[in-house]
1. Test of understanding: ordering 217, 191 by Cβ neighbours within 10 Å, fewest first, what list do you get?
2. Which whole-number value in Å³ per residue fits the convex hull of the alpha carbons of the chain?
3. Please tell me the relative contact order of the chain in percent, rounded to the nearest whole number, where contacts are Cα pairs under 8 Å and at least six residues apart.
4. Write down the percent of antiparallel bridges among all DSSP beta bridges whose residues are both part of the chain, to the nearest 5.
5. Quote the convex hull volume per residue of segment 244-295, based on C-alpha atoms, as a whole number of Å³.
6. Apply 1/(1 + (r/R0)^6) to the Cβ-Cβ distance of residue 161 and residue 130, taking R0 = 22 Å, and write down the FRET efficiency to the nearest 0.05.
7. Can you put 228, 203 in order, fewest other beta carbons within 10 Å first?
8. Suppose only helical runs count, i.e. DSSP H with n ≥ 4. What mean residue ellipticity at 222 nm does that imply for the chain under -39500 (n - 2.57) per run, divided by all residues and rounded to the nearest 500 deg cm²/dmol?
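Read-outs throughout are calculated quantities, based only on the coordinates presented, and are distinct from any laboratory measurement. It should be emphasised that the depicted structure is a prediction, and the values quoted were computed from it without experimental measurement. Cβ sites come from the backbone with ideal geometry, for glycine too, and all protein chains shown count toward neighbours.
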């Protein structure tokens, strides 16, 4: 619980960095849940696509470095089914990437979530670029499965009025996440030597508050960086190691307490992060795919 009680000192900095009311609301609700010790209601993020059509620099999901890759709905269902056998409730399930609207079978994921988590809020996180090009069935499936479309805003051209019109027409909830200010982005520097103190890094880290819990290939990671570091490793020929102690295998545990206990503690991969050097209010831009964007 140390991170929860330490989070207050970061709030003014987060506000200066233009972190959106939508994200702050999610964080606030998560901390309320933790304060009440109803910690089984943690959010889960799942990549359905690894690559992206925007390629932002310093992306901590490493989507601009990833090859074209899509999550198989059948494998997704196996993981979701297993997770539902561990817990019947989650704070939220987020489908994202990469850019999820690139997935040719995207809407197949919606009923799978609803089959196993009928009452859990389901969010689709997108940059919105392809949203107005979606067929009618996409919007109908979003409405049927109660999908919230969360648009991460960037300083790019986007037909927001048309998106709002489609939202009203199909009665699908759409939220614009953040602002279009260019200087609202965050860089979390990596230490590729792995020389940091894991415990200190964990307790200073905003991500370890529980906002980016990642489910990938049957494994729960505390943060998106650990969950997706393989793209950084592959692109830059690095070897930031992910150990068995850096995740929970949902096929090997018996109850939700094992996940909660894991999320509350530092893990070895934290030695690669330097949260004390985090850079807020960074200018947005297209990645040049240079390693100094992350280190």
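1. With the fewest neighbours first, 217, 191 line up as 217, 191.
2. 122
3. So the answer I get is 25 percent.
4. Values: 10 of 28 bridges.
Here the share of antiparallel DSSP bridges comes out near 35 percent.
5. For segment 244-295, the hull spanned by Cα atoms encloses 154 Å³ per residue.
6. Details: r = 17 Å, r/R0 = 0.75.
The value I calculate is 0.85.
7. Details: 228 23, 203 15.
Placing the least packed residue first, the sequence is 203, 228.
8. Taken over the chain, the calculation gives -9500 deg cm²/dmol.
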